1. Considering only residues that are touching a residue at least 24 places away in the same chain (Cβ under 8 Å) and within 19 Å of residue 16 (Cβ to Cβ), look in the range 61-86 and name the one that is farthest from the chain's Cα centre (by Cα).
2. Working carefully through the options 152, 130, find the one that is in contact with a helix residue (DSSP H, G or I) (Cβ under 8 Å, 6 or more places away or on another chain) and closer than 30 Å to residue 243 by Cβ.
3. Taking the range 159-171 only, how many residues are touching a helix residue (DSSP H, G or I) at 6+ places or on another chain (Cβ under 8 Å) and within 17 Å of residue 198 (Cβ to Cβ)?
4. Considering only residues that are out of contact with any helix residue (DSSP H, G or I) (no Cβ under 8 Å at 6 or more places or on another chain) and under 30 Å from residue 61 (Cβ atoms), which ones fall in the range 275-294?
5. Determine whether residue 251 is under 23 Å from residue 140 (Cα atoms) and either free of Cβ contacts under 8 Å to residues at least 40 places away in the same chain or in contact with a helix residue (DSSP H, G or I) (Cβ under 6 Å, 6 or more places away or on another chain) (or both).
6. Quick one: in the range 218-235, of everything that is in a loop (DSSP other than H, G, I, E, B) and under 14 Å from residue 255 (Cα atoms), which residue is farthest from the chain's Cα centre (by Cα)?
7. Just checking, which of 116, 142, 122 is out of contact with any strand residue (DSSP E or B) (no Cβ under 6 Å at 6 or more places or on another chain), touching a residue at least 24 places away in the same chain (Cβ under 8 Å) and farther than 24 Å from residue 75 by Cα?
């Protein structure tokens, strides 16, 4: 069994490879819901939906989010009534949000709603939200505190990040199945996602960090930083603005005590000794997931390394 802590685009690409390298039914995804947002009175789970769409081979390959070939008639029409267009959802993507919002209003738990959506898209793996309770990632900037999607989408990550807060985290509990997936896995893999706003909210759910610290599973993290840069997203900017080193070791230090094997790119080969000084074994390989073949090869290399450790 392989359990993956997952954010959005980077995680979805890695999971595409993993579900080819191993039986998809052996994979459990613990998805970040700190990015969830309620536009137009609906419930959108961006990171969860990206994972589901990618594994169903339906994600828009140009953006890494949304559905390929989607249209935008609804958000176009909503502008007539004064709605802002900054959160742009396609029509078929909106159908998912409408369905999920209805289920939640009827009292269906979020993990049950997510399971039903994953089944409807034909997934054999298990997708779990990190928590059924609402947790919202809040970004403190020089102009005040913003919900993550406002920072990410409306402001295009241009604001400097001074601090990050997870609103509602004290009342949150791991969704049913989350702790079992960590404790019973052969390996727990932290996907190449933003350590602050993708993996961070999952680890902040009460009980999750402790379960990861105590599990007998092999614990793996894949660096989202390559040669001081990020492939996609604001991780590099956040590391810098929050006072951390913008490097693979900078990410590894955030996971100290939680990870046994740290995967870094060939371009950072000279940093492997630094990783090992942190008490982690370093696996150096090509982590650029530029094709479906490379995604599978990366997953296979990690699975082999897990087997060698065990």
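1. Applying the filter and picking the extreme gives 67.
2. On inspection, the qualifying residue turns out to be 130.
3. Total satisfying the criteria: 4.
4. Scanning the range 275-294 gives 290, 291, 293.
5. Numbers: under 23 Å from residue 140 (Cα atoms): yes; either free of Cβ contacts under 8 Å to residues at least 40 places away in the same chain or in contact with a helix residue (DSSP H, G or I) (Cβ under 6 Å, 6 or more places away or on another chain) (or both): no.
Answer is no for this residue.
6. 223
7. 122 is the lone residue from the list that is out of contact with any strand residue (DSSP E or B) (no Cβ under 6 Å at 6 or more places or on another chain), touching a residue at least 24 places away in the same chain (Cβ under 8 Å) and farther than 24 Å from residue 75 by Cα.
Yes or no, residue by residue, for (1) without any contact (Cβ under 8 Å) to a residue 24 or more places away in the chain; (2) touching a strand residue (DSSP E or B) at 6+ places or on another chain (Cβ under 6 Å); (3) under 19 Å from residue 137 (Cα atoms); (4) part of a strand (DSSP E or B):
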{"position": "197", "(1), (2), (3), (4)": "no, yes, yes, no"}
{"position": "203", "(1), (2), (3), (4)": "no, no, yes, no"}
{"position": "206", "(1), (2), (3), (4)": "no, no, yes, no"}
{"position": "237", "(1), (2), (3), (4)": "no, no, yes, no"}
{"position": "244", "(1), (2), (3), (4)": "yes, no, no, no"}
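The values are calculated or read from the model by the stated rules, or taken from the named source; none is laboratory data. What you see is a predicted model, and the numbers here were worked out from it, not measured in a lab. In this analysis, Cβ positions are derived from the backbone assuming ideal geometry, glycine residues included, and neighbour counts consider all displayed protein chains.
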